[in-house]
Every structure is written in structure tokens, then in C-alpha cells.
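The values are calculated or read from the model by the stated rules, or taken from the named source; none is laboratory data. These figures come from a predicted structure and were not determined experimentally. Positions of Cβ are generated from backbone atoms using ideal geometry, with glycine treated the same way; all protein chains shown enter the neighbour counts.
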Amino acid sequence: MVDTKQESMESLILSHINDENLLVDSSPHIKDKLSTQSIMRDVLIALIPTSLVGVLVFGLRAIFIIATCAISAVISEYAFQKITKKEITIKDLSAIVTGVLLALNLPINTPLWVACIGSIVAIVLVKQIFGGIGCNFMNPALAARAFLLAAWPESISIFTLDGVTTATPLALLKNGQGNLPSLSNAFLGNIAGCIGEVSSLAILIGALYLLYRKVITWHIPLVYIGTVLILTTVIGRNGFLSGNGIYEIFTGGLFLGAFFMATDYVTSPLTKKGQIIFAFGCGLITTLIRIFGGYPEGVSYSILLMNLLVPVIDYYIKPKAFGNEK
């Protein structure tokens, strides 16, 4: 039996292909009862807990950033499809999901105009230019975040908590200075960071909903998080076996990335074996950037780099073929 991930991916792509312009790929070709809209609706529902915590921790400005990104994403998709005379697909909710995910990956002090540009980049340059949903080769929200970090680093590199500028826990670990927040604060959400990454508990609640709804499977999140846990413990920031892997996985964007972005149907491998390889690669790169790189966090870049390797993984780790050659 083909797993839910592959079935849903096939359904998502098939729902956006016109009968007279079919794209043909290797079998099996499977239709699933899950529609793009229902999948995206479930993702939005799953993002409610971490969005609410973001508002509670950072205040009403979090709502403005989330709304700005979501509205800009929808308008960008509608405008591009209208100008290029393509089918309007904003009702599938994928643009809203992209906008919300981008917002949750931004710090609270991000200027609204920067957030707006990020959504335009995500939708137009990363998603629509390559053919729309099902055709983009990397995660739109993370690609847009990487673009914003390169273009306006001063605008999205300042973090605050309770109105006071402060370093994130990963930055404190990186620099070896300052008092680290407690593990309980890191788990519950009383730490500095991006809007949607401060509460591992809230993210887990949403992730459990997605697992229950069979929108995602455990393979990528568990292997990704487990790899970071083991490698950061073994390698350590101060030598062999000096790391605190538990603290590493509950801080930064690991949970948000592992459950909501690394599991993206379009930019992750089709097979379970491929997903495990993909997730291990994400965990390895995240760890190397965190410990040896110049940036405190490596989740976004690790997922984007592994997105580029998905065609290679799918080529060598192919789904099981049914039937016999003649």
C-alpha cells in the first residue's frame, strides 16, 4: 500500500492539472480523497496554537505581521494569475498557508513592508514562476525568509521579549554569554525568537493534529529532530559529548521547521526511505551550522539545501514498481 504522503502528493498535483495539459511521470498514479483545500485547511488549523502563543508572547503586532503576510500572499497569487491569464487558485488556501508560515518565521520587529515583500517573493518568484503549486522546487516561505535575511538583515535579526531587545537562546549558546532561559520556558514559550517558534508545546499540539488527520507522517519530523538531538549531544559546543541536545531541540525553529516545512509534499521525497534520508540530511546540516557556522540557527538553510537534493533522492530511491517487465 502506498503511504499517505505519496497519495496526498499525487492528489495535490492532479487537482491543479488541466485534462488537456497532463503532466506524465512514472507510476503509480493515485488519486486520493484529500483535496488541496482540505490539506491546507488542516495545516491552518494546526498553526492556530503556535500563532496564538505568538500573539500572547509578543502582543497584537504579531497579528498584524501574520495578516500582512497572508493577505499579501493571496493578492500576489491572484494578481500574477490574473496577469498571466492562468486559473485562479486562491481558493485552495495554499497562498494563505505560505503567508502564515512566512510570518511565523519572522521576528516581531519585522517592518510590515518587509513582510509584504517576503510574501511577494514567496508566491511570485518561488511558487508561481515555476508553475504554481506542485511545481516549486523549494519551500516558498523559507526561501522568502532567506531572501529577506540577505536583503535586510538588520530588519529581521533583532529579537525582543517583553519589549526588550535580547538574544535568542541559540545566540546565547553560540556566543557563550548570558543566562540561558530555563528548559520549561523554552518548551512553553517564554523566550525570544521568531513569532511561531517560541513554544515547542504549541507546535506539538498542531503537529499531533496533522498526524491524526494523516496530513503528515512521523518519518521526517522524528528523524530530523532525533538527528539534531543526537548530533548536538555527541559533537557538543565545547567538545565531545558536551552538548545539551534536549535544550537544542526545544529552542530555535527546529520544531516548526520539522513538522510544518520539511514535511511539505512538493519539496520532500515521495518514499519513506527517501524521507528518512532527507530528514537526516536536514538534521546534519542544521547541527553543523549551529555548532560550526557563523549563524546561530540552521533550520531554514538546511531544509532549503535538502529541497534541492529531493530530485536526486527520488531518482535513486524510487517507489516499488508493481507488475513485471515484458
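Observations on the model:
- The set of residues from the range 225-257 being more than 24 Å from residue 53 (Cα to Cα) and either aromatic (Phe, Trp, Tyr) or part of a loop (DSSP other than H, G, I, E, B) (or both) comprises 236, 237, 238, 239, 240, 241, 242, 243, 244.
- Residues of the range 98-114 classified as among the aliphatic types (A, V, I, L, M), in a helix (DSSP H, G or I) and buried (at least 23 other Cβ atoms within 10 Å of the Cβ), total: 5
- Residue 196 being in a loop (DSSP other than H, G, I, E, B), buried (at least 20 other Cβ atoms within 10 Å of the Cβ) and of a type outside the set (Val, Ile, Thr): yes
- Verdict on residue 174 being surrounded by fewer than 23 Cβ atoms within 10 Å (Cβ to Cβ) and under 30 Å from residue 248 (Cα atoms): yes
- Identity of the residue in the range 144-166, among the aromatic types (Phe, Trp, Tyr) and outside any helix (DSSP H, G or I), that ends up surrounded by the most Cβ atoms within 10 Å (Cβ to Cβ): 159
- Residues satisfying the stated conditions in the range 115-138, i.e. outside any helix (DSSP H, G or I) and either over 17 Å from the mean Cα position of the chain (by Cα) or among the aromatic types (Phe, Trp, Tyr) (or both): 131, 132, 137
- In this structure, residue 283 does not satisfy being on the phi > 0 side of the Ramachandran plot and either free of Cβ contacts under 8 Å to residues at least 12 places away in the same chain or in a helix (DSSP H, G or I) (or both).
- Only one of the numbered conditions (1) within 30 Å of residue 175 (Cβ to Cβ); (2) in contact with a helix residue (DSSP H, G or I) (Cβ under 7 Å, 6 or more places away or on another chain); (3) part of a helix (DSSP H, G or I) is violated by residue 274, and that is (1).
- A single entry from 211, 222 fulfils the requirement of being more than 14 Å from residue 284 (Cβ to Cβ), part of a helix (DSSP H, G or I) and more than 15 Å from the chain's Cα centre (by Cα): 211.
- Flag if residue 141 is closer than 24 Å to residue 35 by Cα, in contact (Cβ under 8 Å) with a residue 40 or more places away in the chain and part of a helix (DSSP H, G or I): yes
- Matching residues in the range 286-301 - criterion: being touching a residue at least 40 places away in the same chain (Cβ under 8 Å) and either surrounded by 20 or more Cβ atoms within 10 Å (Cβ to Cβ) or assigned to a helix (DSSP H, G or I) (or both): 286, 287, 290, 291, 297, 299, 300, 301
- Selection within the range 178-218 - among the polar types (S, T, N, Q), touching a Phe, Trp or Tyr at 6+ places or on another chain (Cβ under 8 Å) and more than 23 Å from residue 40 (Cβ to Cβ): 200
Residue by residue, here is whether (1) of a type outside the set (Ser, Thr, Tyr); (2) modelled with pLDDT of 95 or more holds:
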residue	(1), (2)
165	no, no
170	yes, no
209	no, yes
218	yes, yes
238	yes, no
265	no, no
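- Considering only residues in the range 208-224 that are surrounded by 24 or more Cβ atoms within 10 Å (Cβ to Cβ) and of a type in the set (A, V, I, L, M), the one that is nearest to residue 247 (Cα to Cα) turns out to be 220.
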